[in-house]
Each structure stands twice: as C-alpha cells, then as structure tokens.
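What follows is a set of notes on a single structure, which appears directly below.
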Amino acid sequence: MNETRTLIVGQGLAGSLLAWELLRRGQRVVILDDDHARASSTAAAGLINPVTGMRLVRHPLAETFLTAAEGCYRALERDLHIPLLHWVPLWRCSRSETDPARHRTRRRDPAYKDFLGPWRAAAPHPAIVAGQGGFMQRHTGYLAPRRLLAALKDRFRQQGLLRIARVEAGTLQYSRRRVLLAGCRADRVVFCEGASGAGNPWFRWLPFQPVKGEILTLRADASLPNVIVNAGQWVLPLGNGRFKLGATYDRTHLDCIPTAAGRDQLLAALTHLIRLESPPRLLAHRAGIRPSTLDKAPFIGPHPVHPALLIFNGFGSRGSMSIPWYAARFADYLCGHGPVPAEADILRFRDRLK
Ligand SMILES: Cc1cc2nc3c(=O)[nH]c(=O)nc-3n(C[C@H](O)[C@H](O)[C@H](O)COP(=O)(O)OP(=O)(O)OC[C@H]3O[C@@H](n4cnc5c(N)ncnc54)[C@H](O)[C@@H]3O)c2cc1C
C-alpha cells in the first residue's frame, strides 16, 4: 500500500499546480487521475484576460494573479524545458452601442488605466474585422495547458507519484486518523476533480454551476496577426496560420462530446472576427466542462466536519490566470503557513451542509 502525506485526486491544472507547489515545499504527494477522461484543462485554450465580460470588469486580484502566473509558469518552463506562457495583446471589438461610453468610464478609473488602450475606429490589422471599432487590452495572453499537463504527467510518473485510476470518493475510509482511498493511505486527501467534483458525495453541497464549452483548432492559408481578437467569441493565433476559435457556452448538455452544432456556431462567429481568403482547415475539435461556481469564486479548504478531506476546485473559466496564486496559497496553508484565502474558502457555504 502507498503511504503519503497528501493524496491529490485529479491531475488537471488545479491538481498539477497544487502538487508542484507541495513538492517544492518538500511535501510527500501521490496523485490519482483517470487519464484526463473528463478534464477541462485539456480542452481549454488557456486564455489569460484580467478584464472580461460585457461590463468590462477587472478581477479585483488581477495584478496578484498575473504576477503569480508569470512566476509560476516561467519556473515551470525552466524546470520542464518547454515554452508555456505567451503574452499577446488582445483586440476587444465593440459589442454594443454602449461600449464606447463604458470604455471611457473605465479608462478614467486608475484601476483600469494600465489594462485598457484608447478607443480606436479602425482595427489594428486589415485581417481583423473592425465592426464598430474597439480597443486594445494589455496584460493578456495564453498558457499552453495541454503541453503543461502532458509534461507534468510524464514528470510525476517518472517520479512514481502519479497513478492512473478512477477514484470513487464514496469508498473513502478513515482509519486511525488516516485516510484510505483506492489502495493509498494518506494524512489527507485533496479533491481537484474539476466539474466532476459536483458529484463528489463529500462536497456536493457546494453550489457548482458547470458550463460545457467547445473549441476548434484551425489552420488558415495565410499567417494571422499576433493579436487575440475578442468579440464574445474569440480567435487566438498560435503561429504558422494555426489558431484556436472558441468558445461555446452550454449549461444543459453537460458532457465532453464535441458537436456539429458547436462547430457550426463557432465557424459562423469566425466571419465577424477575421477575414480569410479561403476556409480554414479543421485540425481539432474539443469539448469540456468548466468547473464554474454560483458566486464565481473557487472552492478551497477543508470539509467543515471531516478536516482530512479537502477541496481545491471551482476555477471556472479563468483557471490559467488564477490557479497559480491559489495553488501557492493553499500549499502554504497545507504546510501550516497562512489561511485559506477568504473569498475562496468553502466555509462561506457552510449553511448549505445538512
Ligand atoms: C472549452 C473550454 C475552454 C476554456 N477556456 C479557458 C481559457 O481560455 N482560459 C482559462 O483560464 N480557462 C479556460 N477554461 C477553464 C479551464 O479549463 C479551467 O479553469 C481549469 O482548467 C480547471 O482545471 P481543474 O484542474 O480544476 O479541472 P480539470 O482540468 O477538469 O481536471 C480534473 C481532473 O481530474 C480528473 N478526475 C475527476 N474526477 C476524478 C476521479 N474521481 N478520479 C480520478 N480522476 C478524476 C479529470 O479527468 C481531470 O483529469 C476552459 C474550459 C473549457 C471547457
């Protein structure tokens, strides 16, 4: 039987970065994952955008997240010898008549000044559909989540820390103040199951709001400008004519199956984003479920009644930007240094636990 201090269930971006942070702190860790069978991280585009939505809202922890993401992903690039993080400016197309006024208001606010460029009538490149104008956003870019997870999977396996197995949380047992799960004995287990966490019997009292999404990877004949184009749906250039096109939002069909309807919806949106001489070639079509939550904040911390069972989940549609900072804070907490960040602490929903 394996013995460890911390058992982590799920090797998505959350479980991977938490494991990496714990290992850096000298902790013993074992990870169990079902080979990414229902991972949202392997479907995700990895976009990093601190100012989002129709109302152009800047996340209150934007600078904190961006600094942590830069530090974490650059350290992983050095450690794994692969490129992971790319800062690329984003052209935000006007999406409504009220956009210019909202943009003006935001630009006057010192908290937004560094993130938003001036309004422009013309798009920054002839291949971009200008529509009713727009503006450039700064401090935007993308992570390569599939590359990162594949490299960390290899690393963890070489170190004997990763086992491919589907875990049934309901079979978990306590024995002499230790946890027994899937043949592993540990002091504690941290569930990092993404959207599947909504069915975990220990944590299903938490208000998950999972949202399915689909993304295409395409190749155009011509090279594209090195700018992310966002009008609700978005184009993310990857170099050599390759680009990602995303994403759909579906709260009803909660599976990881790519659909013809999703593909057609995205291809229809493409014509409002960039001009191409000929139709692009489809390279990949992926679907996954975002682990979103009722109040848009993550679910982090120990179970209120069973403190050896913990959760690190609920990163919604912005895991690439926020997980590095939360993984470092939660690893500190697990090592006895510092609290669970208050806005993410699951104790805020304790009243729902019957
Ligand atoms: C289409 C789409 C586009 C997205 N685009 C972006 C984007 O541009 N930028 C961004 O930041 N975020 C994006 N996201 C969201 C992003 O994917 C998440 O924020 C983040 O990756 C969640 O990581 P996670 O580790 O919590 O979950 P997951 O990646 O889902 O990882 C959970 C892992 O645990 C495994 N697992 C679950 N239950 C068990 C079990 N019982 N036993 C064993 N293994 C188990 C799963 O198979 C998986 O490997 C997107 C998501 C989707 C679906």
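The values are calculated or read from the model by the stated rules, or taken from the named source; none is laboratory data. Given the structure is predicted, the values throughout are model-derived calculations rather than measurements. Because the Cβ atoms are built from the backbone with ideal geometry, glycine has one as well, and the counts that use them run over all protein chains shown. Just so you know, the surface numbers come from the protein's heavy atoms only, side chains and all, with ligands and any DNA or RNA stripped out. Shrake-Rupley method; radii C 1.70, N 1.55, O 1.52, S 1.80 Å.
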- Item | Conditions (1) under 29 Å from Arg185 (Cβ atoms); (2) open to solvent by 10 Å² or more (accessible area, probe 1.4 Å): number failed by Leu32 | (2)
- Item | helices (runs of 4 or more DSSP H) enclosed by the range 1-111 - at least 1 residues per element that are more than 12 Å from the ligand (Cβ to nearest atom) and closer than 19 Å to Pro324 by Cβ | 13-24, 62-80
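Do we find that Arg95 is of a type in the set (Lys, Arg) and modelled with pLDDT of 95 or more in this structure?
no
Just to be sure before I move on: is His86 in contact with a Lys or Arg (Cβ under 9 Å, 6 or more places away or on another chain), closer than 22 Å to Gly12 by Cβ and in contact (Cβ under 8 Å) with a residue 40 or more places away in the chain in the structure I sent?
no
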- Query: Has the range 125-132 got at least one residue that is under 24 Å from Phe330 (Cα atoms) and touching a residue at least 24 places away in the same chain (Cβ under 8 Å)?
  - Reply: no
- Task: Answer yes if at least one residue in the range 109-119 is out of contact with any Gly (no Cβ under 8 Å at 6 or more places or on another chain) and under 19 Å from Leu18 (Cβ atoms), and no otherwise.
- Result: no
- Which condition does Glu77 not pass, out of (1) touching a residue at least 60 places away in the same chain (Cβ under 8 Å); (2) open to solvent by 20 Å² or more (accessible area, probe 1.4 Å); (3) farther than 21 Å from Lys113 by Cβ, if it passes all the others? (1)
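Does Arg102 fit the bill of being over 20 Å from Gly141 (Cα atoms), modelled with pLDDT under 95 and buried (at least 16 other Cβ atoms within 10 Å of the Cβ)? Working first, answer last.
Values: over 20 Å from Gly141 (Cα atoms): yes; modelled with pLDDT under 95: yes; buried (at least 16 other Cβ atoms within 10 Å of the Cβ): no.
In short, no.
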- Query: Considering Leu143, Leu172, Leu116, which residue is open to solvent by less than 40 Å² (accessible area, probe 1.4 Å), within 15 Å of the ligand (Cβ to nearest atom) and within 25 Å of Ala68 (Cα to Cα)?
  - Reply: Leu143
- Query: Restricting the range 274-328 to residues that are more than 8 Å from the ligand (Cβ to nearest atom) and charged (D, E, K, R), which is nearest to Gly26 (Cα to Cα)?
  - Reply: Lys296
- Query: Among the residues of the range 53-66, is any among the hydrophobic types (A, V, I, L, M, F, W, C), buried (at least 23 other Cβ atoms within 10 Å of the Cβ), touching a helix residue (DSSP H, G or I) at 6+ places or on another chain (Cβ under 6 Å) and more than 25 Å from Asp255 (Cβ to Cβ)?
  - Reply: no
- Query: Can you name the strands (runs of 3 or more DSSP E) wholly within the range 265-354 that have at least 2 residues being of a type in the set (Lys, Arg) and modelled with pLDDT of 95 or more?
  - Reply: 281-290
